[in-house]
Structure formats: C-alpha cells, structure tokens
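Student: One structure follows; several queries about it will come next.
The values are calculated or read from the model by the stated rules, or taken from the named source; none is laboratory data. All of these numbers come straight from a predicted model, not from anything done at the bench. Here Cβ is always computed from backbone atoms with ideal geometry, including for glycine, and neighbour counts include all displayed protein chains. Surface areas here come from the heavy atoms of the whole protein model, side chains and all, with no ligands, DNA or RNA. Shrake-Rupley method; radii C 1.70, N 1.55, O 1.52, S 1.80 Å.
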Amino acid sequence: MLVVLAALAYGPTARGDAADAAPATKYPRSPSLTIHVSLSDRVKPLQAKPATTAVPEITSPPTATAPKLPRLEQERVIVELIADTPDKETDEKSDLYFRLGELYAQAQHYYQATATEPNAATKAKDYLLKAVKAFRALTENDAFRNYPKMDLALFEYGSMLRRANYIKEARAAYDQLLKRYPQSKYVPEAHLAFADYYFDLQQFADAEARYKVVLRFPKSDVYAYALYKLGWIAIDTQHEQDAIAMFLEVPAATTDAALRSAAERDLVRLYAVTAKPERAYVDFARVDATVRLEVLQALGELYLDQAKTDAAVLVFGQLLQHDPSSSSACLWQYDLAHASLTAANATNADKVAAIEQLVQLARSATAASACHDDAAAMAGEMARAFHRDATKTGDAQSYAFAERLYAAYLAAFADAADVADVQALHAEALWAVADGERSARSKLERWDDTAVAFAAVIATGKLAPEAIATAATGAVLAWKNELAMSAMPARDAAHAGSTIAACEAYRGYIKDHPAADGPVALYVEATALHQIGRDAEAAALLRELVDRHPEHEVATVAASLLVKLPR
C-alpha cells in the first residue's frame, strides 16, 4: 500500500545502487551554515622547540647514598690523640690519621652537596684542604706503609687532591695506589679518575683507554658510569652506532636512577638524529621490556618536541602495539593522534581513526583525566574543522569525517557543556552524508539516522526556540526523504516516540510558517503512531491531512492507510 507513496510522490523505490532515482528534499539550512572553530593548544599543529646543546648529564660517578654531616666534635678528640700518640705506635697513629681524613672528607662531601647550609661553599673548601693535609700525613710517611687501609687512604687522598685541583699530585697518589695495590677494589676507581681527567681535557684517546680498563671490572660500582662516558666519547668521535650500543647497556648495568635516566635520555637524543624510528622497538631489544617502553616513550616525546610528527606516529604506534593495556595507553594515543594531524604520511582517514581510538580509550575507567580532556578537545574541535571545510568545498568525505567525530564525541562525552550544540551539528553533518550517499540501502539508513539525530536535538530542550524549529524541520524532511525510498520504515517504540515528538515540534513551528510542509509531518507522525498501536490517534491525523490537504501528494496514500486502520 505505502509503496504507492513512493511511486506517486517521490519516484521509484530503488533498492539497488540507483539511490538518486528519487531526488531528496533539500534541507534549507545546510548551504548557509557557518561553523565556528577555535583550535586549542591540545589540537594546534606541533611546533619544534629550540634545540639544546647536548652534554653528559652525569659528570661524576653516582654516590650510593646522600652524604651526612659527621660528628665534627670528634675532630678535637682525634687531633689531641694524634698529638699524644708516640710515632713508634704506627698502627694506632696511622689509623688516627685515617679517621681524621675520613671525618674531613665526609664533612667536605656534605657541605659540597648541601648548598642551603650557611657558608656551605666556604666550609666545603676548608674541609677539603684539611682532608688533603690529613691524608698526606698518612700516605707520605713511610712509617705507615703497612697500614691495612692504605689503598683506600691513597684513593681518598687522590680524590681530595683532584677536588682541590691539584691534578699533578692527584695523579701521583693514584699511581701509588695502582703500583702498590694492583688487587685493590679501588683500582677501577683510580683508573676512572684518570679517565675523567683526560675526558675533561678532551684527550679522548687517553680517556677511552682508561675507561676500557675500568670495564675489566664488571662488578665495580663505577662500571656503568664508565660505559656511559665511553658512549660520550663515541659521540664526540662520531661513532654514533657505538654510542647507541654503550647507552643501551647502561640501564641493565646499574641500579642508580640518575645514571639510568641520563643514559636513556642520551640514547633517545642520539637515536632521534641517527636512526630510523620504525626500528626503535627492535633496536632497543637488549634492554628489559620495562626499560624498552620507557625509552620508546621518551623517544616519541622527543620527536614531538622536534615536531617530527611522522616519526612520533611510528613510535607511539609501537608503544600501543606492544603494551596496549598500559595505564599510559590513552596518553600515547593522544600523542599519536596529535602528531598525525600534521604528519605527511597520515591521511585524513588515518587522523580520524586515530581520534576515534583516542576517544574510545578515554572512555575507559583507567584513563587519566588529562587524557579525557585531550580526547574531548580533539574530537570536538576536529569535527568542527572538517565540517567547516565541508561547507566551503562541498566535499562529501569531509562531511563523513565530521559526522564520525561528532558521533564519537556524543558517545563519550554526553555530559559535556556543549553537547546540545554538538548534537545539532552532528545532525547537520548527517544530512549532508545522507544526501551524498550513493548506495540505496545505505542512503535509506542514513536518512533514518539523520531524522533520529534531529529528533534527539529536540529532546534535549537545551537550545533556543529557533534552533528547535530548525531541528524539527530537519527531522521531518529527513523522514520525508526516507519515505520516498521505503514507504514504511521500521521503528521500535523509542524510535517512534522520537518521531512523534519531532513531528509535534514541527507542527508547532509551521503555525508561524505557512510555507512549511505540514501534510508530510502529519503523515510521518501518523505512521509512527500506527507502528506502536496508537491507531486512533493515527487515524485522527490522517483524517486531518486528507480533509485539509486533499490535493497534496501524500493525501492519496494517507487515505489508503486510513481505510486499513481499525475503526
């Protein structure tokens, strides 16, 4: 019966690909629609940050614990004991000198590391000179040659001399240590002192030789530090791949957080200028999984800082591929989506897909609030941007992208302050998508989607009366176009209810707009009422249509439906 409607009023009921056989009624607002877009910093194109000169972040071996201030009142006691102890008591007197030197060295370390202490710099210098004097009295007195801790005393003496900038004397102390105590556990640290000295002078060949000696002692506390400095020598001598290999080994060789972090940062900086981002996950395989992901994230963030957006997309993609359940996954996806907006290798389809995935992750319970806000901003703003461009160019693909992003936004951020405005824009975009659809089946579904979307705008009750009127017009005209293709579209109770509400709103609107298509609204509302069993109300509307508009194109089919309804 209602197929007659399509035949008489709107053309053939095409079910194949000839969807344009029935020309759609035009929606009056779309051509003149103005979309206002203001991109926030969350969405604006990335700008390269000023580059900084790379230097080693760790310039001395990490200490195991923070220095503590020793009990300085012991100084007077030890000094008096030294004075009172006969020289022939070599064991006792040598140990007193060592204890005094250690006391001064600890005080020097403390004040050097604690800049907030009053006169810290002056105190550090004073205790350093006192430590040098005490260790000299111990190490340069042949009577104390057999002191059991002489290797440590020589090492401390050399370290104090080096801090005081007595380089020649420091080297002499270290030389004594290496010659007299080749099995001492302080041998690698003595070699390291020489290596750092040569490194500071940029005598890289000599420094490299000494650092490599340190590597002969893999259990030494300074092994990882020597690896780190060898990496920097490789950089300075333009052997970047060797440097990468060195930096990759450091995290597994130390538990010191500062040294691990420095090696990872330097690895990332070097990798970003010498290697291919798509190989990053594989190239970092020698470090454990946790460190590998940390390094990958740092590399991606550096690419963002450098505005190397294609590289950033690749790296964040690897992170998401290998650890999709990470608590950082949403933020990684945001960075990927943000980078894709200006990546040369990303199509508009790639960008939209990345934003949709971001919105999906932002909906999870574990997503950080910052990522929720990032996703809302990106989806909402980019939807408007695609929509604005589409209204200027008429590009069907841009309309489709806008519609997808509006839909993602509405599904995820239903409590957003602008949700009513977004619903209206979504319906507008859907109209354009439906109008441009070529497949008959898809076109039919799209007209229904469009009508439902406009009806949802009315249901919010949050827009101004003129906006509600516009939405009612859109809903009724979309259903009119749907009826031109399928005389009785399927509607469940909820769907029928939104149809009825939209038609009622439209009938209120046409009281002041005589040119509006009232008969179509009556017919659409009547069919919805009939589908949910409210036949008496449907019949009343159909009678009104037939009686008041007998010449209208839908009057005939309205009459046909009316006679079939129960009396």
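Student: Enter the per residue convex hull volume of segment 34-147, computed from alpha-carbon coordinates, in Å³ rounded to the nearest integer.
Tutor: 193 Å³
Student: Would you mind working out the accessible area per residue for the chain, using a 1.4 Å probe, and quoting it in Å²?
Tutor: Each residue of the chain exposes 48 Å² on average to a 1.4 Å probe.
Student: Show which lysines lie in cross-link reach of K462 when reach means a straight Cα distance below 23 angstrom and same-chain residues fewer than eight apart are skipped.
Tutor: K511
Student: With N set to the residue count of segment 230-303, report its C-alpha Rg divided by 2.2 N^0.38 Å to two decimal places.
Tutor: The reported ratio for this selection is 0.99.
Student: If you filter segment 246-343 for trypsin sites (Lys or Arg not before Pro), then keep DSSP loop positions with at most 15 other Cβ within 10 Å, what is left?
Tutor: Listed in order of number, the matching sites are R286.
Student: Provide, in order from the shortest bin, the percent of all Cα-Cα pairs of segment 119-190 in each 10 Å bin, continuing until the bin that contains the maximum pair distance.
Tutor: Answer for segment 119-190: a P(r) of 21, 51, 23, 4, 0 percent.
Student: Can you give the accessible area of T122, probe radius 1.4 Å, in Å² rounded to 10?
Tutor: That residue has around 80 Å² of solvent-accessible surface.
Student: Going from most exposed to least, what order do S94, S439, S60 have by accessible area with a 1.4 Å probe?
Tutor: Numbers: S94 0, S439 35, S60 65 Å².
Putting S94, S439, S60 in descending order of accessible area: S60, S439, S94.
Student: Just how much of Y166 is accessible, in Å², when a 1.4 Å probe is used and the result is rounded to the nearest 10?
Tutor: 100 Å²
Student: Sorted by accessible area (1.4 Å probe), largest first, how do H426, H36 line up?
Tutor: H36, H426
Student: Restricting to Cα atoms and excluding each atom paired with itself, what does the Kirkwood estimate give for segment 355-504 in Å?
Tutor: 15.9 Å
Student: Sorted by mean Cβ packing within 10 Å, highest first, what order do the peptides 349-355, 427-433 take?
Tutor: 427-433, 349-355
Student: If you don't mind, there's one more thing I want to ask. Mind ranking D389, D41 by accessible surface for me, highest first, 1.4 Å probe? Walk me through the intermediate numbers first.
Tutor: Details: D389 65, D41 120 Å².
From most exposed to least exposed: D41, D389.
Student: Let me ask something else. Tell me the accessible surface of V524 in square angstrom (1.4 angstrom probe, heavy atoms of protein chains only), to the nearest ten.
Tutor: 0 Å²
Student: Separate question: Going by average Cβ neighbours within 10 Å, how do the peptides 97-104, 140-147 rank, with the highest at the top?
Tutor: Per-residue Cβ counts within 10 Å, averaged per peptide and sorted highest first, yield 97-104, 140-147.
Student: If we restrict to alpha carbons, what Rg and Dmax does the chain come to, in Å?
Tutor: Considering the chain through its Cα atoms, Rg and Dmax are 39.6, 133 Å.
Student: Please state the equivalent ellipsoid semi-axes for segment 372-429: what are the square roots of 5 times the Cα gyration tensor eigenvalues, largest first, in whole Å?
Tutor: So the three semi-axes of segment 372-429 are 19, 11, 8 Å.
Student: Now for a different question. Summing -39500 (n - 2.57) over the DSSP H runs of n ≥ 4 in the chain and dividing by its residue number, what mean residue ellipticity at 222 nm do you reach, to the nearest 500 deg cm²/dmol?
Tutor: -21500 deg cm²/dmol
Student: Right, another one. Using the scaling law 2.2 N^0.38 Å as the reference, what is the normalised Cα Rg of segment 201-349?
Tutor: After normalising by residue count via 2.2 N^0.38 Å, the value is 1.15.
Student: Still on this model: May I ask you to give the percent of accessible area on the chain that is carbon plus sulfur, with a probe radius of 1.4 Å?
Tutor: Answer for the chain is 50 percent, counting heavy atoms of protein chains only.
Student: Students often get this wrong, so check it: of K185/K229; K44/K351; K351/K480; K125/K168; K68/K133; K49/K212, which have C-alpha atoms separated by over 25 Å? Walk me through the numbers on the way to the answer.
Tutor: Working: K185/K229 20 Å; K44/K351 14 Å; K351/K480 34 Å; K125/K168 19 Å; K68/K133 22 Å; K49/K212 37 Å.
Beyond 25 Å between Cα atoms: K351/K480; K49/K212.
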